[in-house]
2 protein chains.
Amino acid sequence: MKIHLHQTHQTIASFEDIRTYLYDIYTSKPSQGLHLFPESFLCGYPLMDLCLNYSFITSYQKHMQLISTWAKTLPKDENIIFLMGGIKYTLTSDHLPKKIENVIYLLTPGEELRTIYTKMLLPNYDIFDEKKYFDPGKTVGILNFNKKNIALMICEDMWPNASYELDPTTELKKTGLVFDLIINLSASPYDLSKQEKRIIRAKEISHFLKAPFFYVNRVGGEDEILFDGQSFAVNGSEILGKLNRFKKDFISIDLPAYEKSIYQNIDNDKVTTTWESLFVPNIITNSKKLPHIKPLTDQECLEAIDALGFGVNEYARKCGFSKFQVALSGGIDSCLVLTILKLHLTKTQTLEAIYMPSKFSGELSLDISKRLCQNLKIPFYILPIEDVKMTCKSLFIKHMHQDLQGLADENIQSRIRSMLLLARANQTNSIAINTSNKSEIAVGYSTIYGDSVGAISLLGDVYKSEVYMLAKYINKAHDNIIPLEVIQRPPTAELRDNQKDTDSLPPYDILDVILEGMLSYRLTAKQMIEMGLPPDDVLSVSKLYRNSEYKRAQFCPIIKIKPKSFGFGYRVPTSKDGTFYSDI
Amino acid sequence: MKIHLHQTHQTIASFEDIRTYLYDIYTSKPSQGLHLFPESFLCGYPLMDLCLNYSFITSYQKHMQLISTWAKTLPKDENIIFLMGGIKYTLTSDHLPKKIENVIYLLTPGEELRTIYTKMLLPNYDIFDEKKYFDPGKTVGILNFNKKNIALMICEDMWPNASYELDPTTELKKTGLVFDLIINLSASPYDLSKQEKRIIRAKEISHFLKAPFFYVNRVGGEDEILFDGQSFAVNGSEILGKLNRFKKDFISIDLPAYEKSIYQNIDNDKVTTTWESLFVPNIITNSKKLPHIKPLTDQECLEAIDALGFGVNEYARKCGFSKFQVALSGGIDSCLVLTILKLHLTKTQTLEAIYMPSKFSGELSLDISKRLCQNLKIPFYILPIEDVKMTCKSLFIKHMHQDLQGLADENIQSRIRSMLLLARANQTNSIAINTSNKSEIAVGYSTIYGDSVGAISLLGDVYKSEVYMLAKYINKAHDNIIPLEVIQRPPTAELRDNQKDTDSLPPYDILDVILEGMLSYRLTAKQMIEMGLPPDDVLSVSKLYRNSEYKRAQFCPIIKIKPKSFGFGYRVPTSKDGTFYSDI
C-alpha cells in the first residue's frame, strides 16, 4: 500500500485554493493508497478568533459542502482515501459555536465527507490557545483501510505531558489491537530544536506500538509563527523518508511489511514533552568558564537563516507586498537583516537600503553600509537626518523655549529615521523590515516608534551573540559578503558622541545568558548570581527587562525560531510591581 | 454575625503592600466576624505568565510563608476569620509548576494559613486564559463558621455556561444543605454592562439557594483591563449594600436572619452567561429607521468617563508617570481625551496640550483647541509642523529625486506630529495619551506610528458616535466646557485640502453599526445588507477592517469598557485570506 504525504502550503481561509489543490489531484488519475494532509488543511491554522466568527463559519461550511458534493460525484474506488485535517462545528440555534472540534475528515471517492477522529490533546501553553476554541475528543482513533489497522493522531496527540489526563499512545496500546500504521496530521509550529524532537518521539511511538509512523506537517508563515513542513516517516529507528523544510512538498512511500525485529521494546513513560521544554534555559555551565549560551552549529545557522527568510516572505506575500526597505546603521543587526533578505529575494521582489547618518555617525558606518550594498548589489540611499533634527530643535527652542537634550535628543534621532524610512516605504509601496534583536528588545535598548518600527522583525528572536554567529556563518558560506569590520567593531547606537552599547549594558555574552535565564522563566536573580554571573549585571538586566514591557507591548510581529520568544506566546502584564525579578 | 467586605486596590505582585493591608487590620483590635477579600488578593490578577515564573513563585511563596507565620502568632479568636483569594502551587522537583489552583485561603488567628476551596469554573474566553494556567477544582466549597453554613465561590463559579461540565450553584443545591450565606470572591473585569448582570445573577442564586449572596470584587487597572470593585450584598431581591466603583472601599453588613418569605422559587436553568454575551451586537433594529447602535444613557456616559479616567491614572501611576501630553487637532477625539484627563487630574499630576498645525489646518481647529485649553485651564503649546515637513520633502527631492506625495505626504504629517509629541514627552518626562477611537482603529483610519501612538488609548473602545455622546454629556454636566463647534463640525483628518472623513468612510452612524455587527463576530455582510444597511458601505467597511489588522497588532493598550474590545482578548491572524468577511 502506498502512502502519500501532502505537505501543503495554503493561506489561512483560502478556501478556493484549498479546493483547487484537492480537485487537481483528480484532473489526472489519482494514485491509489492513503493520501495524508496536515492538521487543519481544510481551514488553515491557527485560526484564533476566526473560528468563532459567523462570517468565517458560513464561508467554511459552504466550502465543506462543495467538497462533500464533489466527493460524492467521484467514481467509487475502494483503494483511495484522503485523510485531511479540518474543524467541525456544532452550532446552537443562534449560530453560536456550541462545540468546535479539531478533526480528521475522511474523503472516500463516491461518498460524502465525514469525520473519523477528534484531536484528544489540545495544547494550551505559550502560543497555543486550543482549549479556548476546541473541545477535546475522548477516544482514540482507529481506521481500517485495505485491511490495515491505522492509528490516528493529530499533532499534540503524540506529545502527552503531566497536564493531560490521557496519553493517546498508551490508550491505543490498551486497545490490544495490532497496528499496521500510525499517522499523525500536524500543524506543528517551528523552532530550531523542534524537528529533532519530533523524530525522536516518532521513533519512540513506532517502537512502542510496533508500527511505522507517518507524520505530515503543514508549511506556512502565519504572522510570527512558522510551520516548517519537514514531514517524515519512520519505522522503528529507521527513517523511511523526509520532506523539505519551508516548502510545499510531496512524497509517496510504500507501507513496509511488518517485521518484528525492527522494533525495540520500549516503555512509553519517558516522554519527550513540549510544554516543559519552554522552561529549559539554553545555557552551558562548566566550572572553568562563566555560563554562556549554547552556540549555534553551522547547521542551525543555516536553518535559522532559512526560517527567517521564509517568514518574512510569507508575511510580505500575504500582506500584498513585494518591496522591502531596510535602514542600515553600519551596525551588525541591520547588515545581517539586509543580507538575509537578499539571500531570499525572489525575482519579483525588490530591496533597497537607506543609510541615515547624523553628526554622531562614524565614517566606518557609512563605509560598511555602502560596501555591503555593493557586495549584495542592492540600491543604497543616503538621507542625512541632521537638517530635520535641527529644524525640530529650532522649533522646540522657538515655541517651547527649551532645546531637546539628553534622552529627548537621542530618541528624536531614532524617530526621524523611522519617519523617513516609512515615508520612503509609502513612496515606493514597500514594507520596512525591523532590525532589532532579541537582546535589545529584552532590555528595551531601543526607541519606541524609532528603531523599533517595522512590518515584521527578522532578528527579534535572535540574541545579539547569535546575530554574530549568523553573520559569521554567512560570511563563511558566502565569501565574506558582510564587511568584516562590522563584526569586529564594538556595537554602538551612535545617538551621542562615542556612545557604546556597553556604556549602559553588560557585554553581550553576559547579557544574553542572563536574558536566557530570565526568559526561560526558570532562573531567579539569586540562582544566576550563584552560577557565577556578575551580581551587578544580573540586577541591572532584571531591572531593564521588567521596565521595558511597555515597549514590547507595541512591538511588531517577531518571527519565532525559539521555544520561548517575545510575541503572541509571551504574556506578561506591564502594570505590576516587578521587584520580585531582582529579589535576592 | 458581621460580614466585612474588603474591596481592595493593590498592584499585581506588590507583596509588601498586601501584607501591610492585612497587618494594619490588627494594629487596632480587628472586628469580629467574616472578613472577605477579592479573588487573587494575595497575588494580584491577572498574572498571566508571571505565575509560571520561578522568580515570581519564590517571592510569592516567601510572602505567603510570612503571612502564615504572622497568623500563627495572633491571639486565638474563634470569632474572626479572613477569606482571601490567592493561588496555590504544586511544584515538581525541578520547580516546574505541576499544578496551579485559584483558591480561597482561610486565615484564622493563631493558626496557619490554609486553602479551603479551589475555583471550579475557569474562564478561558476573550481576555481570559485561566485554563492556560490553572487546574479547576472538582468539588463545591462549604465552610462552617459560627454555626453558619457558608457556600464558597470564586468569580466565574457564578457564571456557568454550556462549555462547562458543572454548575457550582446546582452542585451546591444537590448537597441538600441549608445555607446561611453564599460568598463570591471576584476579580471581575469591568465593562459598561457588567454590574447590572452581576446583580441580576446574584439575586438569581440567592433565590435559588435561599441565602444572602455577598460579592467582593477587586479594584485595579491592569493595562487595558479594569476591575471596578462595586462589591455588593443581596438577599433575595433586596440589596443589602453596595460599594463604590473604581475605589478602594469597605463595608460591614450584618448577616440577615433567615426569612423564608424573602426568597422566590426560581429555576437555575435560565442562566445569565458571560461568554455568549460577547456575541450580542449592541444594535437597535426597527422597521422605520436604519439599524443603529444603542445610544449611551447619561448614567452610562458618566460611568464610561469614570472608567476611562480611572484606567489612565492606574496605568500612569504603575508605570511611574504623573505628567500627560495630548496632541490636540481641533477634532472631537482629542478634545474629549483632554477633557476626560482634566476631569480626573489629581493634585500631583500635570497635563499639557500641543496643537501642531500644518497648512491644511483650519482656523477653526486652532480656535477650538485654544478655547478648550482656556476652559480647562491647561497649558497650550503650538508647534507648527510645516518647517519640519518642508525639510523632509527637500531631503527626499535632493537625495531620492522624488517628492513626497499622496499617502507618503499625508502620513509624514501625522508622523511628524507623533515625533514632536514624543520629543516633548521625553523632554518633560511625561506620557503621551493616544486619541484614536474604536471606529478609526477598526477601519485603519490612522497612520501607524503617527496618530496611533501613545502610552495608552482612552477612546480605543469608544465608537465615534459614542465619542459625540460622551462629549455632549460632559457639556451638559460641565457647562459646555467643550467648544460646541467641535461637536458640530464635520470630522476631518486635515492631512490634505478640504479632506473630510466621509471622503473615505461612510457616515459614522452607519460605520459604527456595521462595525458593531462585525466585531460581535455574529453578523455576516449578507445579514447586515438584509438588515437594510447600504451594501456598498458594508462591503467597503469589511475590506477596510480586514486590511487593517497589522495596525491593530502594534497598537497601544486600549482601556476596555465594552464586552468585545480590540486588544488582548481580540486575537485574529493578520496573514490570511480575509475575503470571507465580504462573502455575500
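Take A:K62 and tell me if it is at pLDDT below 95 and within 14 Å of chain B (Cβ to nearest Cβ). Working first, answer last.
Numbers: at pLDDT below 95: no; within 14 Å of chain B (Cβ to nearest Cβ): yes.
Criteria not met by A:K62.
Determine, yes or no, whether A:Q402 is at pLDDT 95 or above, open to solvent by 20 Å² or more (accessible area, probe 1.4 Å), over 18 Å from B:A425 (Cβ atoms) and in contact with a Phe, Trp or Tyr (Cβ under 9 Å, 6 or more places away or on another chain). I'd like the intermediate steps shown before the answer.
Values: at pLDDT 95 or above: yes; open to solvent by 20 Å² or more (accessible area, probe 1.4 Å): yes; over 18 Å from B:A425 (Cβ atoms): no; in contact with a Phe, Trp or Tyr (Cβ under 9 Å, 6 or more places away or on another chain): yes.
No: the conditions fail for A:Q402.
Quick check on region A:130-137. Is at least one of its residues away from chain B (no Cβ under 14 Å) and surrounded by 20 or more Cβ atoms within 10 Å (Cβ to Cβ)?
Residues of region A:130-137 that are away from chain B (no Cβ under 14 Å), as a first pass: A:137.
Adding the requirement that they be surrounded by 20 or more Cβ atoms within 10 Å (Cβ to Cβ) leaves A:137.
Yes, because at least one residue in region A:130-137 is away from chain B (no Cβ under 14 Å) and surrounded by 20 or more Cβ atoms within 10 Å (Cβ to Cβ).
Is it the case, given these coordinates, that B:T297 is of a type outside the set (G, A, S), surrounded by fewer than 23 Cβ atoms within 10 Å (Cβ to Cβ) and without any contact (Cβ under 8 Å) to a residue 24 or more places away in the chain?
Values: of a type outside the set (G, A, S): yes; surrounded by fewer than 23 Cβ atoms within 10 Å (Cβ to Cβ): yes; without any contact (Cβ under 8 Å) to a residue 24 or more places away in the chain: yes.
Answer is yes for this residue.
Considering region B:384-404 alone, what residues qualify as being within 43 Å of the chain's Cα centre (by Cα), of a type in the set (A, V, I, L, M, F, W, C) and more than 7 Å from chain A (Cβ to nearest Cβ)?
Going residue by residue through region B:384-404, those that are within 43 Å of the chain's Cα centre (by Cα) are B:384-393, B:404.
Still in the running and of a type in the set (A, V, I, L, M, F, W, C): B:385, B:388, B:390, B:392, B:404.
If the condition is that a residue be within 43 Å of the chain's Cα centre (by Cα), of a type in the set (A, V, I, L, M, F, W, C) and more than 7 Å from chain A (Cβ to nearest Cβ), then B:I385, B:M390 are the ones that fit.
In this structure, is A:N498 at the interface with chain B (Cβ under 10 Å from one of its Cβ atoms), over 30 Å from A:E130 (Cβ atoms) and either modelled with pLDDT under 95 or in contact with a strand residue (DSSP E or B) (Cβ under 7 Å, 6 or more places away or on another chain) (or both)? Spell out the reasoning first.
Numbers: at the interface with chain B (Cβ under 10 Å from one of its Cβ atoms): no; over 30 Å from A:E130 (Cβ atoms): yes; either modelled with pLDDT under 95 or in contact with a strand residue (DSSP E or B) (Cβ under 7 Å, 6 or more places away or on another chain) (or both): yes.
Considered against the rule, which asks whether it is at the interface with chain B (Cβ under 10 Å from one of its Cβ atoms), over 30 Å from A:E130 (Cβ atoms) and either modelled with pLDDT under 95 or in contact with a strand residue (DSSP E or B) (Cβ under 7 Å, 6 or more places away or on another chain) (or both), A:N498 comes out as no.
Report the residue count in region A:496-520 for those that are of a type in the set (F, W, Y) and closer than 13 Å to A:S542 by Cβ.
Going through region A:496-520 one residue at a time, the tally reaches 0.
Listed residues B:S430, B:S418; which is open to solvent by less than 60 Å² (accessible area, probe 1.4 Å), within 30 Å of B:N480 (Cβ to Cβ) and not acidic (D, E)?
Numbers: B:S418 fails: within 30 Å of B:N480 (Cβ to Cβ).
None of the others qualify; the one that does is B:S430.
Mind listing whichever residues of region A:300-334 are more than 26 Å from A:Q230 (Cα to Cα) and open to solvent by less than 10 Å² (accessible area, probe 1.4 Å)?
Selection gives A:F324, A:Q325, A:V326, A:L328, A:G330, A:I332, A:S334.
Hey, can you tell me all the residues within region B:1-31 that are at pLDDT below 95 and in contact with a Lys or Arg (Cβ under 7 Å, 6 or more places away or on another chain)?
B:M1, B:S31
Can you tell me which of (1) within 22 Å of B:S206 (Cα to Cα); (2) out of contact with any Lys or Arg (no Cβ under 7 Å at 6 or more places or on another chain); (3) charged (D, E, K, R); (4) surrounded by 19 or more Cβ atoms within 10 Å (Cβ to Cβ) is the one B:D180 doesn't meet?
Among (1) within 22 Å of B:S206 (Cα to Cα); (2) out of contact with any Lys or Arg (no Cβ under 7 Å at 6 or more places or on another chain); (3) charged (D, E, K, R); (4) surrounded by 19 or more Cβ atoms within 10 Å (Cβ to Cβ), the lone unmet condition for B:D180 is (2).
Within the bounds of region A:85-106, is there any residue that is out of contact with any strand residue (DSSP E or B) (no Cβ under 9 Å at 6 or more places or on another chain), buried (at least 22 other Cβ atoms within 10 Å of the Cβ), at pLDDT 95 or above and not hydroxyl-bearing (S, T, Y)?
There is no residue in region A:85-106 that is out of contact with any strand residue (DSSP E or B) (no Cβ under 9 Å at 6 or more places or on another chain), buried (at least 22 other Cβ atoms within 10 Å of the Cβ), at pLDDT 95 or above and not hydroxyl-bearing (S, T, Y).
In this structure, does A:K289 turn out to be open to solvent by 20 Å² or more (accessible area, probe 1.4 Å) and without any contact (Cβ under 8 Å) to a residue 12 or more places away in the chain? First the steps, then the outcome.
Numbers: open to solvent by 20 Å² or more (accessible area, probe 1.4 Å): yes; without any contact (Cβ under 8 Å) to a residue 12 or more places away in the chain: yes.
Yes, satisfied.
What do you reckon, is A:P491 over 28 Å from the mean Cα position of the chain (by Cα), over 30 Å from B:E224 (Cβ atoms) and not β-branched (V, I, T)?
On the way: over 28 Å from the mean Cα position of the chain (by Cα): no; over 30 Å from B:E224 (Cβ atoms): yes; not β-branched (V, I, T): yes.
No.
Just to be sure I understand, how many residues within region A:15-41 are assigned to a loop (DSSP other than H, G, I, E, B) and surrounded by fewer than 19 Cβ atoms within 10 Å (Cβ to Cβ)? Write out each step before concluding.
We begin by selecting, within region A:15-41, every residue assigned to a loop (DSSP other than H, G, I, E, B); these are A:26-32, A:37-41.
Among the residues that remain, those that are also surrounded by fewer than 19 Cβ atoms within 10 Å (Cβ to Cβ) are: A:26-32.
So the answer is 7.
So A:L152 passes all but one of these: (1) open to solvent by less than 20 Å² (accessible area, probe 1.4 Å); (2) away from chain B (no Cβ under 14 Å); (3) without any contact (Cβ under 8 Å) to a residue 60 or more places away in the chain. Which condition number does it fail?
Here A:L152 clears every test but (3).
From the list B:E171, B:E196, B:E165, pick out the single residue that is open to solvent by 20 Å² or more (accessible area, probe 1.4 Å), out of contact with any Pro (no Cβ under 7 Å at 6 or more places or on another chain) and touching a residue at least 24 places away in the same chain (Cβ under 8 Å). Reasoning before the result, please.
Values: B:E196 fails: touching a residue at least 24 places away in the same chain (Cβ under 8 Å); B:E165 fails: touching a residue at least 24 places away in the same chain (Cβ under 8 Å).
Answer to the check: B:E171.
From the list B:Y545, B:Y581, B:Y508, B:Y570, which residue is over 25 Å from A:A553 (Cα atoms), within 12 Å of chain A (Cβ to nearest Cβ) and hydroxyl-bearing (S, T, Y)? Give the derivation first.
Details: B:Y545 fails: over 25 Å from A:A553 (Cα atoms); B:Y508 fails: within 12 Å of chain A (Cβ to nearest Cβ); B:Y570 fails: over 25 Å from A:A553 (Cα atoms).
Of the residues listed, the single one that is over 25 Å from A:A553 (Cα atoms), within 12 Å of chain A (Cβ to nearest Cβ) and hydroxyl-bearing (S, T, Y) is B:Y581.
So the check is Cβ under 6 Å with 6+ separation or different chains; which pairs have a first residue in region B:416-437 that's under 17 Å from A:M400 (Cα atoms) and part of a helix (DSSP H, G or I) and a second one that's open to solvent by 10 Å² or more (accessible area, probe 1.4 Å) and charged (D, E, K, R)?
B:M419/A:R415; B:T428/B:K323
Tell me, which residue of region B:356-399 that is charged (D, E, K, R) and open to solvent by less than 50 Å² (accessible area, probe 1.4 Å) is farthest from A:L395 (Cα to Cα)?
Per the stated criteria, the residue is B:K393.
Taking region B:438-466, which residues are surrounded by 24 or more Cβ atoms within 10 Å (Cβ to Cβ), polar (S, T, N, Q) and in a helix (DSSP H, G or I)?
Result: B:S439, single match.
Would you be able to tell me the number of residues in region A:232-268 that are hydrophobic (A, V, I, L, M, F, W, C), assigned to a loop (DSSP other than H, G, I, E, B) and surrounded by 17 or more Cβ atoms within 10 Å (Cβ to Cβ)?
Residues of region A:232-268 hydrophobic (A, V, I, L, M, F, W, C): A:232-234, A:239-240, A:243, A:246, A:250-251, A:253, A:255, A:257, A:262, A:266.
Checking which are assigned to a loop (DSSP other than H, G, I, E, B) leaves us with A:243, A:246, A:255, A:257, A:266.
Then keep just the ones that are surrounded by 17 or more Cβ atoms within 10 Å (Cβ to Cβ); that gives A:243, A:246, A:255.
So the answer is 3.
Being open to solvent by 60 Å² or more (accessible area, probe 1.4 Å), in contact (Cβ under 8 Å) with a residue 40 or more places away in the chain, over 18 Å from the mean Cα position of the chain (by Cα) and within 14 Å of chain B (Cβ to nearest Cβ), is that true of even one residue in region A:335-349? Can you show your working first?
Looking only at region A:335-349, we keep the residues that are open to solvent by 60 Å² or more (accessible area, probe 1.4 Å), and these are A:342-343, A:346-348.
Next cut, in contact (Cβ under 8 Å) with a residue 40 or more places away in the chain only: A:343.
Cutting the leftovers down to over 18 Å from the mean Cα position of the chain (by Cα) gives us A:343.
Checking which are within 14 Å of chain B (Cβ to nearest Cβ) leaves us with none.
Looking through region A:335-349, none of the residues is open to solvent by 60 Å² or more (accessible area, probe 1.4 Å), in contact (Cβ under 8 Å) with a residue 40 or more places away in the chain, over 18 Å from the mean Cα position of the chain (by Cα) and within 14 Å of chain B (Cβ to nearest Cβ).
Considering A:S540, A:S575, which residue is among the hydroxyl-bearing types (S, T, Y), free of Cβ contacts under 8 Å to residues at least 60 places away in the same chain and either closer than 14 Å to B:D49 by Cα or within 11 Å of chain B (Cβ to nearest Cβ) (or both)?
Working: A:S540 fails: either closer than 14 Å to B:D49 by Cα or within 11 Å of chain B (Cβ to nearest Cβ) (or both).
When all the criteria are applied, what remains is A:S575.
Testing A:L296 on (1) in a loop (DSSP other than H, G, I, E, B); (2) under 26 Å from A:S206 (Cα atoms); (3) modelled with pLDDT of 95 or more, one condition comes back false. Which one is that?
The one condition A:L296 does not meet is (2).
Can you pull out every residue in region A:15-43 that is free of Cβ contacts under 8 Å to residues at least 40 places away in the same chain and either of a type in the set (S, T, N, Q) or closer than 17 Å to A:I104 by Cα (or both)?
Those that are free of Cβ contacts under 8 Å to residues at least 40 places away in the same chain and either of a type in the set (S, T, N, Q) or closer than 17 Å to A:I104 by Cα (or both): A:T20, A:T27, A:S28.
For region A:53-61, does any single residue satisfy the condition of being free of Cβ contacts under 8 Å to residues at least 24 places away in the same chain, assigned to a loop (DSSP other than H, G, I, E, B) and within 30 Å of B:S520 (Cα to Cα)? Quick ask: steps written out before the conclusion?
Step one: list which residues in region A:53-61 are free of Cβ contacts under 8 Å to residues at least 24 places away in the same chain, which gives A:53, A:55, A:58.
When the remaining residues are screened for being assigned to a loop (DSSP other than H, G, I, E, B), the result is A:53.
Restricting the remaining residues to those that are within 30 Å of B:S520 (Cα to Cα) gives A:53.
Yes, that holds for at least one residue.
Output the number of residues of region A:368-383 satisfying the condition of being in a loop (DSSP other than H, G, I, E, B), in contact with a strand residue (DSSP E or B) (Cβ under 7 Å, 6 or more places away or on another chain) and more than 8 Å from every other protein chain (Cβ to nearest Cβ). Spell out how you get there, then give the answer.
As a first pass, look at region A:368-383 and keep what is in a loop (DSSP other than H, G, I, E, B): A:377-379, A:383.
Next, only the ones that are in contact with a strand residue (DSSP E or B) (Cβ under 7 Å, 6 or more places away or on another chain) stay: A:378-379, A:383.
Narrowing the set further to residues that are more than 8 Å from every other protein chain (Cβ to nearest Cβ) leaves A:378-379.
Final tally of qualifying residues: 2.
The values are calculated or read from the model by the stated rules, or taken from the named source; none is laboratory data. All values derive from a computational prediction rather than experimental measurement. Neighbour counts are summed over all protein chains in view; Cβ atoms, including those assigned to glycine, are modelled from backbone coordinates with ideal geometry. Side chains are part of the model used for accessible areas, which takes the heavy atoms of the whole protein and leaves out ligands, DNA and RNA. Shrake-Rupley method; radii C 1.70, N 1.55, O 1.52, S 1.80 Å.
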